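Quick note: the coordinates plus some simple rules give every number you see, no bench work behind them. Please read these numbers as outputs of a predicted model, since none were measured by experiment. We place every Cβ from the backbone using ideal geometry, glycine too, and count neighbours over all the protein chains shown.
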Amino acid sequence: MTGKTLRSALLVSLLVLELSGCMSGPNYRVPDNAAALAPAAQRDFVGGGDAIYSQASLPDQWWSLYDDPRLNAFVLEALKANTDLRAADANLRRASELVQEAEAARSIQTNISTSAAAAHVGGYTLAQPGAPYTYVLGMSLSLPLDLAGGIRRGIEAANANAEAAQAARDHVRVVVAAAVTRAYANACSANRTLAAMKHVLDVQRETLDVTRRLAASGRGTVFDVSRARAAANESEAAIPAIVATRQAALLELAALMGRVAADYPKELDDCIQPPELKRALPIGDGWQLIQRRPDIRKAECNLAAMTAMIGVETAQLYPQVSLGGSAGFAGQFSAISSANFGGSIGPLLSWNMPNRTAVRARIAEASAGADAALADFDGSVLQALKQTESALSAYSQEINRERSLAQARGDAENASEQANRLFRFGRTSFIDVLSAESALANVESSLASSRAQLIDRQIDLFLALGGGWKDPPFTGSSEPGTELGASVDVGLPVNSTKERLNKRPVGAISILAR
């Protein structure tokens, strides 16, 4: 076999190896013993059998279930301007550029070099007049063949890390949407609690007026007047704390929407109707939860990245092969001509013969990292299921509590009216009137608190369910959306981050297909 034939055969062999897709390290797949694949984790929720729940899947924007246009506008504004989301978007863009950097390792590498020298025979002495000046001007190209698959594994890891950054950004979105809804509901609930306390205060002040008239006519005592005044003052003293709670919620809402404190939504100053669900709350099942929660998706992406890193380290055990070529001119300045041109092309083999003990230690380190990532993945699944079941139980029990308090409020209101009527006709003592009004004030306060807590429990449940977040399809525009559900990735480069993340890596994330 001639040298030319041998070189051709070697080149063909190298190309065949490259095209065969030889890959170092394990391909990613969800381990069979992962908690996410356990049948018990994929079933209906234990606490989800109540009539207040629906097995339907949570919608993409769960806050739309409240049918509150004002809430929709607040959430959309926050998703565009929230500072935590801006930071998450920047982290996502950074992760996307790291994917580009990893992919660049597969491209042709170019090197241009030039040099000039004066040669003088006789050692390192100054060149004498007439000494020959030489030059070298050349360019070399090399294309790594990645026969062991180390570069491709690195690209897999970078893609998985980018998807983890996207999942982290989605988690921030879920938290921001929940925080906006909670702040809005807290402001309106505080106003409703304030209205309830003012109603109680009005009743107590009316009782105080009646007591004063009775004392003036000789049918009451100064002691009765003092007790009636004390009850009214106690109720009035509770009002400033409620006002402070409302103001804190309004300022929190302003911060979430990227506004300064003075620019809080003034229209909520007199809002007394918090958002309310008018239908059964859709919760889906365990499998839908596992697919939907961004923190679970992030944990699995981290597991995929760590699995790919095993291949990156394993590839260091094998030689690095590339196709290369070079061309250039070299010679004396006095004899520049085409005859000085030269070039070469062929496969280049380099093997730095690494310390195999060190490489195998790094492989074991990457494997341990993958084991830790699997533990985190399992933990995120178990935590999500626990949080959801706890939120379902808390929500159900708060509904029962609110119903009982509503019934108690009706009874206390009737008792207060009856006590006042009997006292005016002299058929009961004033202590009975105060006792009845105190019971009414307590149950009014408890009912208002329960109704506020009920909405809080709803939001906790939505948060545990993962928020129902889903990215809209990429449209090729970087302009922020103007409708609910439109893209809010303000600042993401066109045809950059989103397009890259729409491409699944080799051995793509298997559980969390969206």
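Things to note:
- Interchain or long-range residues, amide H under 5 Å from residue 44's placed H: 286
- In this structure, the pairs whose alpha-carbon distance is over 26 Å, taken from 278/298; 198/266; 298/386, are 278/298.
- Taken one residue at a time, the phi angles of segment 157-166 give Karplus couplings (6.51, -1.76, 1.60, θ = phi - 60°) of 4, 5, 4, 5, 5, 5, 5, 5, 5, 5 Hz. Gly and Pro are set to x.
- Our coupling estimate for segment 45-50, obtained by passing each phi through the Karplus curve with A = 6.51, B = -1.76, C = 1.60 and θ = phi - 60°, is 6, 4, x, x, x, 5 Hz, Gly and Pro reported as x.
- When the charge dipole of segment 159-311 is built from unit charges on Cβ atoms (+1 for Lys and Arg, -1 for Asp and Glu) and taken about the Cα centre, the candidate among 191, 262, 294 whose Cα reaches farthest toward its positive end is 191.
- Summed side-chain charge close to residue 182 - residues other than residue 182 whose Cβ falls under 13 Å, Lys, Arg +1, Asp, Glu -1: -2
- With distances taken between every two different alpha-carbon atoms, segment 196-294 has a Kirkwood hydrodynamic radius of 18.2 Å.
- By average C-beta atoms within 10 angstrom, highest first, the peptides 421-429, 249-257: 249-257, 421-429
- Radius, Kirkwood style, for segment 265-309 when every pair of distinct Cα atoms is counted (Å): 14.6 Å
- Less than 5 angstrom separates the built amide H of residue 53 from those of 281, all sequence-distant by 5 or more or on a different chain.
- Whole-Hz ³J(HN,Hα) from phi, Karplus 6.51 cos²θ - 1.76 cosθ + 1.60, for segment 167-173, glycine and proline x: 5, 5, 5, 4, 5, 4, 4
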